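The values are calculated or read from the model by the stated rules, or taken from the named source; none is laboratory data. What you are looking at is a predicted structure, and each value in this text was computed from that prediction instead of being measured. Cβ atoms come from the backbone with ideal geometry, glycine included; neighbour counts cover every protein chain shown. Just the protein is used for accessible areas: all its heavy atoms, side chains included, with ligands, DNA and RNA removed. Shrake-Rupley method; radii C 1.70, N 1.55, O 1.52, S 1.80 Å.
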Amino acid sequence: MSKANVKLQLTFDLDICVPERLLEQDHAALCRTLSEMLGSMVFQGMPTVTGKQLAKGGAALVGHHYHMSTAVLGAPTVARELLVAAAPHLTDDELEQLARKAHGRLPEGSEEQQRYLRRQALNLVNDFRMLPCKVAARLTSGNAAELEGKLNLTNGSVLIGERDRQSRLQANQGPILVEPLGTGVQLQGACAGHTLSGPVIEVSVTQLAAHRDPLIKAWQQG
């Protein structure tokens, strides 16, 4: 077989109209769907036809590779700030899905919009997205303590590790420092009582939204 000495790149931008249900998929899923739709007829057919045409001029096709990407045209224009404020636990692709779902359906009034977007976001992703964290708080003894836990980005709850579940926190001590590991972020939480699983510590969605980017980056890398 001849050795390749020229790299030829052929690029076609195809504007297509797809069913609305496909627009609800994230970028990776949409690429997979369209790849399956195109199949070997396109991915093998194109190199075959190209090889035959090149052969007429004495050239030979000795290898090929394809890359496919998609971009949604006329993407919805729901402000990113609104999306993040309601759903800081979503990835960038998932925020785009939420924007498409909400486009043209947002109610009037900022509070109503936030409630609507929050509902839709939890319908989209409601699983626990946990980040290891340290919790700095004061015990009922008056001593300062550092507890191990995991912060749930989906709802702001902190699951205290088994080692520290018997710890009792001082009531009305003010903000409790919650520091997700490896993020450089410090959040303020509150203790809502105690259960068999340990102190009930909660971080507001507003706090999560203010630091959404480094939190999501750490979760994705973990």
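Table for the structure above
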quantity: Cα lying deepest toward the dipole's positive end in the chain, options Ser2, Leu73, Pro47, charges on Cβ; calculated: Ser2
quantity: Residues whose placed amide H lies under 5 Å from that of Ile176, excluding near-sequence neighbours; calculated: Gly189, Ala190
quantity: Calculated from backbone phi, Karplus (6.51, -1.76, 1.60) coupling profile of region 27-40 in Hz, x at Gly/Pro; calculated: 4, 5, 5, 5, 4, 4, 4, 5, 4, 5, 5, 6, x, 5
quantity: Number of Lys pairs (Cα under 29 Å; 8 or more positions apart or on different chains) in the chain; calculated: 8
quantity: Cα convex hull of region 1-124 - mean projected area over all directions, nm²; calculated: 10.4
quantity: Isotropically averaged projected area of region 80-124, using the convex hull of Cα atoms (one quarter of hull area), nm²; calculated: 2.7
quantity: Solvent-accessible area per residue, Å², over the chain with all protein chains present [probe radius 1.4 Å]; calculated: 65
quantity: Assigned charges on the beta-carbon of Lys, Arg, Asp, Glu; the chain dipole about Cα centre (debye); calculated: 520
quantity: Between region 11-60 and region 92-127, the Cα center-to-center distance that results, in Å; calculated: 33
quantity: Dipole magnitude of region 9-72, debye to nearest 20 (Cβ charges: Lys/Arg +1, Asp/Glu -1, about Cα centre); calculated: 440
quantity: The chain - Debye-derived log10 I(q)/I(0), Cα point model, q = 0.07, 0.08, 0.13 Å⁻¹; calculated: -0.39, -0.48, -0.85
quantity: Rounded tilt (10° steps) of 110-124 against the dominant C-alpha axis of the chain; calculated: 70
quantity: Projected-area average for region 9-72 over all orientations - Cα convex hull basis, square nanometres; calculated: 5.0
quantity: Solvent-accessible area, 1.4 Å probe, carbon plus sulfur percent, for region 130-221; calculated: 47
quantity: Distance between region 130-158 and region 177-222 - C-alpha centres, whole angstrom; calculated: 8
